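The values are calculated or read from the model by the stated rules, or taken from the named source; none is laboratory data. Treat the numbers as computed from the prediction; the structure is a model and nothing was measured. Positions of Cβ are backbone-derived with ideal geometry, glycine not excepted, and every protein chain shown enters the neighbour counts.
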Amino acid sequence: MIRLFAAHPTAANILMLIIMVIGFVAVPTLQRDTFPVVPPSVIEVRVAYPGASPAEVEQAICTRIEDPIQAVDSLDELRCVARDNVAIISAEIVEGGDINSFYDDVKSAVDTITSFPNEVDKPTSRIVERIATVASVAITGPDDPAVLFAYAEAFSDKLKRHPMISQTRIAGFSGREISIEVPAAALSRYGLSIDSIGNALARSSFDLPAGTMESRDGDALLRFVGERHTPQEFANIPLTSSNLGAEVLLGEVAEISVRFSDEYEASYFNGKRAAIVTVTKTAAQDALRVMDVMMVILDEERAIAPEGVSLEISTDSTSNILDRLRIITDNGLQGLALVFLVMWAFFGFRFSFWVAMGLPVSFLGTIFVMQMFGLTINMITMVALLVAVGLLMDDAIVISENIVSRRQKGDEPLAAAINGTKQVMPGVIASFLTTAMIVGPLGMMAGNIGAVLKFLPIVLLITLTVSLFEAFLILPHHLKGALKNPEPSRFNQAVSRGFDRFRDGVVAPLSLLSLKARYLTMGVAGFLILLSIAPIIGGQIKFQSFPTLESDTIEARLLLPQGTPLWRTEERVAKVIEALEVLNKELTPEQPGGNALVRNVTVSYGTNADADEVGSHLATVSASLLRAEDRNTNVTTIIERWKKLTGVLPDMSSLRFTDKDRGVGGKPIAIRLQGDDLDALKATAVEMRKFFRGFAGVRDVIDDLRPGKPEYVVTLRSASASALGVTAQGLASQLRRAFRGDTTLEVQDRYGSLDVLARLKGADRASVNDVLDLRIAAGDGTLVPLSAVADVTQGRGYARIQRIDGRRTVTVEGSINPAIANAVELMAALKADFLPKLAEKRPNVDVIIIGESKDTSESSNSLKTFLLIGLAGVYLILAYQFRSFIQPIAVFVAIPLGLVGVVWGHMLMGMQISMPSLMGLATLAGIVVNNSILLIAFIKERYNDGAELIDAAQGAVRDRFRPIFLTSLTTVAGLGPLLFETSTQAQLLLPIVASLAFGLTSATILALFVTPAMFLILHDIGVIRRTPPQSEDE
């Protein structure tokens, strides 16, 4: 095959053109995202229980739904959150399971439950897709929320009419309803009850198929149409009538309107009431293309918008994608240029051009394979391509240098290309296999972090595989033509002479010295490794799951006690915004050009990402900042100053200042407390929060078991109720109708469905006296006050109750300032100082550490496992190649040498060790063995030919120094530009790049001396023997 492609005048070029064409065709179809697409793993089931408290929801729904779902195969974790009016059940599948079959099984298990109360709505199930936000548009102008909502719906519909935009959502409004509110005085005046209102609605608003009319001329359907849809139509429903024909209509006793069910749910953009229209994308869509379409539609809408209506981009996630793609592209091109210059310095322009051409050809082939397997262009896959810029040169350099060597020995260009490639083919394949053996298994990493990082080795392995075909089938043909004028230029000759002087004057003498003092050499190597481990053990360099990333959005998340009125929440929000304005005035002069630090401010009432609740006691203030690249103040400083300027606010359950959550790692502090006694769990959570707050750099430590709204519990007095003919069911249903307003009616309009609620007027259901004065229908139809048959007591439950795997669970969460505190150290302190005392004090409370610690543990454990599998595979390959189980040790000693560069490189760059760092270190292990393999092979060849072992080792170092130097230099040159990238968007890349660049540098330099020294030590102990050359038959 090599001969065919090298000798044929067009075959190699045809193959190259095919790869490039299919690559160019695949490029426009690749999706562009921030991170790789991770498949869904959670099924969500929602069961509405209108009017129920969290305790009632737990008892009526959670406890009854758990057993059927826990019997489903492939279930990893079951969570049920009981809130006011609803239970939210999340079933997580084991990693690698079939999500569609899992969904069917969970839905079937839920459908078999028949013991829910009658008031419970039908459960709804869905697969929780990982939908990415593309951008949000804030619409302001109309003062009337109904008008604003209608305009937002029309704009949303216009967006969705385009085939590129399939999903939008509107924030800033609650669901809508037709509200029928009846004053208690009107009920009393007409002798009505709230039950009679509900019955009148049911009698007067419905459609009903009436059958079929059959005749000789044909059949016709017959149906009754009487459903009411508008307030005006409902107002005409008769409630009572007299013998004289006088009627009392619903509209005469009730206020009927279309309204938002929860008035507190509202958004404000830069101080104006706003509708936030968010455009999202599916996993099959490209974020940048969706954004381009959205901008076209937005510009069209702005041109025709009524005067006073403003449409502004409030969030834009694609700007980060563009920045990251730009970083990768720019630095990749710079790296490619540096690689070419290095090659040109040694081999000349034409020769280097064809060697460098392997890069774009391999990349285009890789893009085609990525498109076939559904991979996207994102931060991780682009890093893999960038890393490959250097690695792809290794095989090309080995092949090209050997071809040149054959030509210099007298072979014709064609023979030199064929024989030179064939001669190194076994070594190149062995190097590929050792790299693939380590890199390949890393593509199966587990955990949330591993689910993202594993795409780096996958794409890297694809690229190396494609480049192998290019190196064997395309490169020799092109080098054949470049060899027709083998005379190097004077510049190339000067570079070669200078390199030879350095090799012969520095490297070779040091090599001989290290071989003679081989035990000292190994001791020095061991000392350097221990010296590199010391900063980790001593805490000078720490571990964190993911690098700290700069954000362009900061948030204040307000949580007041449940039941807090909206006006009080608004007062607290005003204080937070006032502090933000002061912050903006303080820090704006420090920004380049005096640009305002705070660009936009969005206030969302009724939402808080830290609280799995809804209500008027929640609010989030979100501020969009100058882009990180365009400002001089880091986000941590901004947040701390905002928090200080706000000061302490009264009545707050929690006030957290943070940047917008991003990345894939969990929270630094996240602990689950499990048990049966909620009071014991709450007491433990309070103590744990106090424990963490004792550490510097720890902030915003909260737990999720909070007091709920005040509750008034109504209990029937049996004797009185029996005497008046009042039943418990009758009392409960009338009470529910009066205050909740449930009816069986639901109507549709152009914007969706509206529930019809009929209840007492707001002023008549505002106090406990209104409950006591409620008129209840007795057995004979007379109306009696509720106080005559029931007692009312006051209490207070919890805002939400969470159950995980059938046990009540409280979660303690917090964040840290990574410049001061470290999550690993905090968890170690918790285990050493807090948990032993807790076990003695409350043995029935179990503690489970989750969040960043769990994610890191899962991913790092799988990383270790697959790295060991890869190393075992490399060992077996080397044992086969060296025909020995001992000699591979000489190669393996090079692997820990990379740790020296990794640790000190991170310290030099001011970075912490993170999971991306460890991924880079693991990938490095598959690279550094290649040079050592070639060294040992050359040493054995010379030794078996009769040379003394120490001379054979020194000669091998001398002969292999140039290709080793070039392969390492091109790799570092390919990665080098990223090491000096100042963009904040490059923070995720730097740990990987630093591990590879610094680790490869240290491993290359040290392995030149350590690997031969180890080989000689093995000879000293008698496990290395001279072996006669093998015949071709053998």
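General remarks:
- Only a single item in (1) within 30 Å of residue 360 (Cα to Cα); (2) assigned to a helix (DSSP H, G or I); (3) touching a helix residue (DSSP H, G or I) at 6+ places or on another chain (Cβ under 6 Å) is not met by residue 28, and it is number (3).
- Counted residues, segment 190-229 - those being without any contact (Cβ under 8 Å) to a residue 12 or more places away in the chain and either under 18 Å from residue 755 (Cβ atoms) or not β-branched (Val, Ile, Thr) (or both): 11
- Scanning segment 935-946 for residues that are in contact (Cβ under 8 Å) with a residue 24 or more places away in the chain and not in a loop (DSSP other than H, G, I, E, B), we see that the one that is surrounded by the fewest Cβ atoms within 10 Å (Cβ to Cβ) is 944.
- Checking 74, 101, 53, 90 one by one, the residue that is more than 21 Å from residue 119 (Cβ to Cβ), in contact with a Gly (Cβ under 6 Å, 6 or more places away or on another chain) and outside the structural domain of residue 447 (by the TED database) is 74 and no other.
- Among the residues making up segment 910-934, those that are out of contact with any Ser or Thr (no Cβ under 6 Å at 6 or more places or on another chain), over 12 Å from residue 997 (Cα atoms) and part of a helix (DSSP H, G or I) are 916, 918, 919, 922, 925, 931, 933, 934.
- Members of segment 56-71 that are in contact with a Phe, Trp or Tyr (Cβ under 9 Å, 6 or more places away or on another chain) and more than 12 Å from residue 117 (Cα to Cα): 65
- Within segment 223-277, the set of residues being within 46 Å of the chain's Cα centre (by Cα), at pLDDT below 90 and small (Gly, Ala, Ser) comprises just one member, 261.
- A count restricted to segment 584-607 and to residues that are of a type outside the set (Phe, Trp, Tyr), over 14 Å from residue 553 (Cβ atoms) and crowded, with 23+ Cβ neighbours inside 10 Å stands at 1.
- Considering 792, 810, the condition of being of a type outside the set (D, E, K, R), part of a strand (DSSP E or B), surrounded by fewer than 16 Cβ atoms within 10 Å (Cβ to Cβ) and touching a helix residue (DSSP H, G or I) at 6+ places or on another chain (Cβ under 7 Å) is satisfied by 792 alone.
- Any hit, segment 23-46, residues being of a type in the set (Phe, Trp, Tyr) and in contact (Cβ under 8 Å) with a residue 60 or more places away in the chain: yes
- Test result for residue 142, in contact (Cβ under 8 Å) with a residue 12 or more places away in the chain, in contact with a helix residue (DSSP H, G or I) (Cβ under 7 Å, 6 or more places away or on another chain) and more than 16 Å from residue 69 (Cα to Cα): yes
- Looking across segment 3-44 at every residue that is at pLDDT below 85 and either in contact with a Cys (Cβ under 7 Å, 6 or more places away or on another chain) or among the β-branched types (Val, Ile, Thr) (or both), the one that is farthest from residue 447 (Cα to Cα) is identified as 29.
- Filtering 383, 387, 355 for residues that are within 28 Å of the chain's Cα centre (by Cα), of a type outside the set (Asp, Glu), surrounded by 22 or more Cβ atoms within 10 Å (Cβ to Cβ) and closer than 25 Å to residue 934 by Cβ leaves a single hit, 387.
- Exactly one residue out of 274, 305, 287 is touching a strand residue (DSSP E or B) at 6+ places or on another chain (Cβ under 6 Å), under 29 Å from residue 143 (Cα atoms) and among the small types (Gly, Ala, Ser): that is 274.
- Taken over segment 690-723, the residue count meeting the criterion of being part of a helix (DSSP H, G or I) and surrounded by fewer than 18 Cβ atoms within 10 Å (Cβ to Cβ) is 7.
- Filter pass, residue 779 being buried (at least 19 other Cβ atoms within 10 Å of the Cβ), part of a loop (DSSP other than H, G, I, E, B) and of a type outside the set (Ser, Thr, Tyr): no
- Note on segment 118-145: residues that are of a type in the set (Asp, Glu), under 25 Å from the mean Cα position of the chain (by Cα) and closer than 30 Å to residue 308 by Cβ total 0.
- Output for segment 312-356, where each listed residue is within 26 Å of residue 970 (Cα to Cα), of a type in the set (Gly, Ala, Ser) and in contact (Cβ under 8 Å) with a residue 40 or more places away in the chain: 332, 335, 345, 348
- Top-ranked residue of segment 724-744 - restricted to ones that are of a type in the set (A, V, I, L, M, F, W, C) and in contact with a helix residue (DSSP H, G or I) (Cβ under 6 Å, 6 or more places away or on another chain), ranked as surrounded by the fewest Cβ atoms within 10 Å (Cβ to Cβ): 739
- Segment 815-854 - residue that is under 25 Å from the mean Cα position of the chain (by Cα) and charged (D, E, K, R) and, of those, surrounded by the most Cβ atoms within 10 Å (Cβ to Cβ): 852
- Test: residue in segment 642-664 that is at pLDDT below 90 and in contact with a Phe, Trp or Tyr (Cβ under 8 Å, 6 or more places away or on another chain): yes
- Segment 72-111, subset part of a strand (DSSP E or B) and more than 25 Å from the chain's Cα centre (by Cα), residue nearest to residue 50 (Cα to Cα): 86
- Among the residues of segment 1-45, just one is of a type in the set (Lys, Arg) and buried (at least 16 other Cβ atoms within 10 Å of the Cβ), namely 32.
- The residues in segment 118-145 that are over 26 Å from residue 57 (Cα atoms) and in a strand (DSSP E or B) can be counted, and the count is 9.
- Selection status of residue 685, more than 23 Å from residue 574 (Cβ to Cβ), in contact with a strand residue (DSSP E or B) (Cβ under 7 Å, 6 or more places away or on another chain) and in a helix (DSSP H, G or I): yes
- With respect to the conditions (1) buried (at least 18 other Cβ atoms within 10 Å of the Cβ); (2) assigned to a helix (DSSP H, G or I); (3) touching a Leu at 6+ places or on another chain (Cβ under 9 Å), residue 60 falls short on a single one, namely (3).
- Qualifying residue in segment 557-579 (condition: among the polar types (S, T, N, Q), surrounded by fewer than 21 Cβ atoms within 10 Å (Cβ to Cβ) and under 31 Å from the mean Cα position of the chain (by Cα)): no
- Within segment 746-773, being closer than 30 Å to residue 155 by Cβ and part of a loop (DSSP other than H, G, I, E, B) holds for 750, 751.
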